[in-house]
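Data first, discussion second: the structure below is written as structure tokens.
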Amino acid sequence: MMSGPSFRRFAGTTAGLVLIAALVGACAGSPSPVPAGASPAPSAAEASVNVNPSSAPSVQSNNPPLIGIFVTSLGQVLEVGNGRVLYVHAGDSATASTCLDACATAWPPLVIAAGAKIVAPPGATGAFGSITRPDGSVQVTYRGKPLYFFQNDANPGDTTGQGISGFTVATL
């Protein structure tokens, strides 16, 4: 049996390890903080936009898309929840998209369910709205311009569509 200084050192070390284990266990189920300027990952209930690069993004429910702000080498740009950057097209107007058919395959529009409301992310300086596309889908607009993804953007923050065919990233 240990006694004296050796026992106190052992007891102190054991108590410290138990405390650390308890703290780690308590934190394991807690969400981690999101760095300033980063968009939090959407929960399953919040994930309303399918951003699979191989298919046109679309709303899965009446929840609004999780539009956020992503900092890139081009500045602060709009993105959808997981870092998929949004674009605008120079030829579009506040009431119509000129990107249809093959264009909409390469540049899928950000569409929402009819009646869904868009919530502007903190820091957005323009107004969000929507237009009805010729196929009847409802496309999200920012500052009067319809919003698109670029099919070749594979990673969060990619802006590989910048300057192609009149498309530019949707900046703040």
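For this structure, a couple of remarks:
- A simple count of charges around THR159, restricted to other residues whose Cβ falls under 12 Å of its Cβ and scoring Lys, Arg +1 and Asp, Glu -1, yields -2.
- In terms of the mean number of neighbouring beta-carbon atoms within 10 Å, the peptides 69-79, 128-138, 102-112 order highest first as 102-112, 69-79, 128-138.
Read the figures in this text as sums done on the coordinates, not as results from a lab. Everything numeric here is computed off the predicted structure, so don't read it as measured data. Glycine gets a Cβ as well: all are built from the backbone with ideal geometry, and neighbour counts include every protein chain shown.
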